[in-house]
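This report concerns only the one structure given below.
The values are calculated or read from the model by the stated rules, or taken from the named source; none is laboratory data. All values derive from a computational prediction rather than experimental measurement. Cβ placement follows ideal geometry from the backbone for every residue including glycine, while neighbour counts extend to all protein chains displayed. Heads up: the accessible areas ignore ligands, DNA and RNA and are worked out on the full protein's heavy atoms, side chains in. Shrake-Rupley method; radii C 1.70, N 1.55, O 1.52, S 1.80 Å.
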Amino acid sequence: MTSFQLLKGLTGIDSELLVSVEQQTNASKTKWSKSQSKHLSGKKIWLIAAVIVLAMLLVGCAVAYAMIIFGSPAEMISALYGEKTGFDSAPPTEVNDPGKPGSAYTVPGYEKQPVEETVAQELEKWVSPVGKSITADGYKLTVDAYIYDSTTQSGFITLLLEHDKPISEEELLVGYNGEIGGLSGNYLNFNQYGRAYLIPGKTTDTQLAFTYYFRADMFKGTNLLVSFPNFEEQARLEEYERNRTEGVAAIRQRLKGELTAQEAAEKMRELGYGGGYTGDYDDYYYLASLEYDAVHADERMSKESIELQALTDQLKKDLTPDEAAQKLRSLWGDALVDETFAGQMDELPTAAYHFLAQRAYEQAHADEMVCVSLTDSGSLPFKTFGQGDVYVNSLCVRIRTSHYAESGSDNEKVIFHMTDGTDFVVLDDLTDNTLFKRAIENDDTLYMMSSAINIDNIQSVEVIGNMGGATLEADTE
């Protein structure tokens, strides 16, 4: 751990301030100062900073952030991965398929394994307090703490949403495994992919405590951004949708008097939509919808969309397509750009303008967001199997799915065979011990697990897909 990491972890002092000191430290190592009486050495700068930090700690300075959801990292890991999480197990369930009368499908069950003490102690070392808050329209959001693994680009953050009025269960849509389906997009926005899960022991009528498990896609930047949606915009768009229903119905009725069914179908084909639709959503409905949306196009545009379009237009004036593409390469790196746009490089400039505009928008609205910087902080202890086909740490597993399943398909079974003769099922037909599954680079799949596993106890990993399967032994170091 560097001096920079140590001070940042102890104090929560703004990174930019510490970076400036770090830069001076590095400069002092490479550049000889002719006037030592006028310049402090990097070592002295760090000594002064350390004294200041110690003084702040001794007097209980508020700069040092104390976790608010949990009293300590140990309590946090125990609550999320211990014996009583509030959502510890559920059996597989047969559910009738509403789209196919008389048929049913199986919702897999799950069973969490309590974290072992040695694994918990290791994870506690990786907990980083954040303590940043934002407010809007009777809501206050605090990002409390997080764990992030740089190699898999995944981790989780704990958050507390305080609200004046209770949020109903119908709005939150809490699932059988604790997942909160109604949170993202309605109450909060996250720029990185993930899923939110309830922390029941810390939730009240006016406080919603939850964990957001995520996988950071580097093309969205090296930050995890959390913000409130524009609630006024939401209300306006909801009003628009209500008016749209009535407006489309009126236009549809008019079109029925103007066009025969054959003429309506032909007009749909002319517009490139196929035609020949019947029932409630017939050709008249789609033509009416297109007409209504065209007339009211300005009303559909959110303030964010308008600002993003203005930023994109300005970028197109400031940068040529080649310059925009090169700027994107400088941010993403050539490897990610080449993989993302393989076979479709002609789309790179358009995507570059879009990404750069989104980045500029986020920078302009930074004060409205909580930003967690996902720096390269190292890797959790890990283990690989099958010449790197499987990469496992205590929180997630990454698999080269292309070796076992066709493109676009998932692995059917992933099972850890443990050294004591037992099995831990990550997923199969009846069990799903994951918090989310995410297709990532190189057709790999990342599974965020609901249990914190002791990787030293994994003897082999069995992977089965629709192209075949294998039981993979641990790789030698």
Assuming ILE440 fulfils every condition listed in (1) over 19 Å from the mean Cα position of the chain (by Cα); (2) under 25 Å from VAL337 (Cα atoms) apart from one, which condition is it? (1)
When ASP429 is evaluated against the numbered criteria (1) outside any strand (DSSP E or B); (2) touching a Gly at 6+ places or on another chain (Cβ under 6 Å), which criterion, by number, is the only one it fails? (2)
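So if I check each of LYS316, LYS303, which one is modelled with pLDDT of 90 or more and open to solvent by 90 Å² or more (accessible area, probe 1.4 Å)? Don't jump to the end; show me each part of the working.
Numbers: LYS303 fails: modelled with pLDDT of 90 or more.
Of LYS316, LYS303, the one residue that is modelled with pLDDT of 90 or more and open to solvent by 90 Å² or more (accessible area, probe 1.4 Å) is LYS316.
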Any residue at all in segment 324-340 that's of a type in the set (Gly, Ala, Ser), modelled with pLDDT under 90, within 24 Å of the chain's Cα centre (by Cα) and open to solvent by less than 50 Å² (accessible area, probe 1.4 Å)? yes
Of the numbered conditions (1) more than 19 Å from PHE436 (Cβ to Cβ); (2) of a type outside the set (Asp, Glu); (3) in contact with a helix residue (DSSP H, G or I) (Cβ under 8 Å, 6 or more places away or on another chain); (4) at pLDDT 90 or above, LYS112 satisfies every one except a single condition; which is it? (1)
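Being in a strand (DSSP E or B) and among the polar types (S, T, N, Q) is the filter here, so list the residues in segment 142-163 that pass it.
Step one: of segment 142-163, the residues in a strand (DSSP E or B) are 142-149, 154-163.
The answer is THR142, SER154, THR158.
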Any idea which of (1) open to solvent by less than 40 Å² (accessible area, probe 1.4 Å); (2) in a helix (DSSP H, G or I); (3) over 18 Å from GLN192 (Cα atoms) is the one GLU347 doesn't satisfy? (1)
Being hydrophobic (A, V, I, L, M, F, W, C) and free of Cβ contacts under 8 Å to residues at least 24 places away in the same chain narrows it down to one of ALA90, ALA120, ALA136, ALA104, so name that one. ALA104
Looking at LEU141, LEU123, can you tell me which residue is in contact with a helix residue (DSSP H, G or I) (Cβ under 9 Å, 6 or more places away or on another chain) and surrounded by 20 or more Cβ atoms within 10 Å (Cβ to Cβ)? LEU123
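Here's the yes/no breakdown for (1) of a type in the set (Val, Ile, Thr); (2) open to solvent by less than 40 Å² (accessible area, probe 1.4 Å):
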residue	(1), (2)
GLY86	no, no
ALA90	no, yes
GLU94	no, no
ALA104	no, no
TYR110	no, yes
GLN113	no, no
THR118	yes, no
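Checking the conditions here, which among ASN457, ASN466 is surrounded by fewer than 19 Cβ atoms within 10 Å (Cβ to Cβ) and without any contact (Cβ under 8 Å) to a residue 40 or more places away in the chain? Let's see the steps before the verdict.
Details: ASN466 fails: without any contact (Cβ under 8 Å) to a residue 40 or more places away in the chain.
Only one candidate qualifies: ASN457.
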Being at pLDDT 95 or above, in a strand (DSSP E or B), in contact with a Ser or Thr (Cβ under 8 Å, 6 or more places away or on another chain) and open to solvent by 20 Å² or more (accessible area, probe 1.4 Å): is that true of LYS437 here? yes
From the option list GLU462, GLU406, single residue qualifying as part of a strand (DSSP E or B), under 23 Å from PRO108 (Cβ atoms) and of a type outside the set (Phe, Trp, Tyr) is GLU462
Name, by its number, the condition in (1) within 30 Å of PHE231 (Cα to Cα); (2) of a type in the set (Gly, Ala, Ser); (3) in contact with a helix residue (DSSP H, G or I) (Cβ under 6 Å, 6 or more places away or on another chain) that does not hold for ALA74. (1)
If I ask for residues that are within 18 Å of SER154 (Cα to Cα), touching an Asp or Glu at 6+ places or on another chain (Cβ under 7 Å) and in a loop (DSSP other than H, G, I, E, B), which ones from segment 350-387 would you list? SER379, LEU380, PRO381
Six or more apart or on different chains, Cβ atoms under 7 Å: show the pairs whose first residue is in segment 402-416 and open to solvent by less than 10 Å² (accessible area, probe 1.4 Å) and whose second is assigned to a strand (DSSP E or B) and of a type in the set (D, E, K, R). PHE416/ASP423
Selection from segment 145-174 of residues that are of a type outside the set (S, T, N, Q) and either closer than 14 Å to ASN223 by Cα or in contact with a helix residue (DSSP H, G or I) (Cβ under 6 Å, 6 or more places away or on another chain) (or both): TYR146, ILE147, TYR148, ASP149, GLY155, PHE156, ILE157
Residues in segment 144-170 that are over 15 Å from TYR212 (Cβ atoms) and open to solvent by 10 Å² or more (accessible area, probe 1.4 Å): how many? 11
Anything in segment 388-401 that is open to solvent by less than 10 Å² (accessible area, probe 1.4 Å) and more than 28 Å from LEU159 (Cα to Cα)? List them, or say none. VAL390, ILE399, THR401
